[in-house]
Amino acid sequence: MSAILVPIIVIGGLGLVLGGLLGLANLYLKVEVDPRIEKLIAMLPGYNCGSCGFPGCSGLAEDIIENGGTVNSCKPCSADAKAKINEFLKENKG
């Protein structure tokens with residue numbers, strides 16, 4: 001019985017210790033993200049097609065917010081969505 005119990009206790013304890021370390025790392029190693037980027041990603045179509053020249057919608061959103069790019073490079077985005085995004089950008093200039 002002890003031949004099975006010892007490995008279970010060791011692996012369980014190791015899981016608890018490593019899980020605790022991951023929890024601490026999550027608290028202290030957070031990456032702050034501009035909330036405008038998150039909102040803009042939600043407004044984009046979400047196809048992640050790369051037709052804009054970026055690897056996905058998040059790359060385009062970062063370029064728009066941080067570098068002053070335009071939403072016009074997003075080809076699948078409808079005209080209504082582009083108008084809403086441009087309005088959002090006007091209201092939330094940083």
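Brief remarks on what is shown
- Accessible surface calculations at 1.4 Å, restricted to protein heavy atoms, place the chain at 73 Å² per residue.
- When the GluC sites (Glu not before Pro) in the chain are filtered for DSSP coil states and for at most 14 other beta-carbon atoms within 10 Å of their beta-carbon, the remaining sites are 32.
- Rounded to the nearest 20 debye, dipole of the chain from Cβ charges on Lys, Arg, Asp, Glu: 120 debye
- Backbone phi angles across the range 70-77, fed through the Karplus curve with coefficients 6.51, -1.76 and 1.60 (θ = phi - 60°), yield HN-Hα couplings of 10, 6, 5, 6, 8, 6, x, 6 Hz in residue order; Gly and Pro are listed as x.
- When the chain is treated as a Gaussian network with alpha carbon springs shorter than 10 Å, the biggest mean-square fluctuation among 26, 72, 48 belongs to 26.
- Fully extending the segment from residue 27 to residue 6 would add 4.4 nm, taking 0.36 nm per residue of separation and subtracting the current Cα-Cα distance.
- Here each label is just a point 7 Å from Cα along the line to Cβ, and for residue 80 and residue 66 those points are 3.2 nm apart.
- Percent carbon-and-sulfur accessible area, the range 35-92, ignoring ligands, DNA and RNA, probe 1.4 Å: 49 percent
- Relative to the longest principal axis of the Cα atoms of the chain, the long axis of helix 2-28 makes an angle of roughly 30 degrees.
- Cα-based Lys proximity count in the chain, under 16 Å, for pairs eight or more positions apart or on separate chains: 7
The values are calculated or read from the model by the stated rules, or taken from the named source; none is laboratory data. Computed from a predicted structure; not experimentally measured. Neighbour counts run over all protein chains shown; Cβ positions are idealised from the backbone, glycine included. Accessible surface areas use protein heavy atoms only, side chains included; no ligands, DNA or RNA. Shrake-Rupley method; radii C 1.70, N 1.55, O 1.52, S 1.80 Å.
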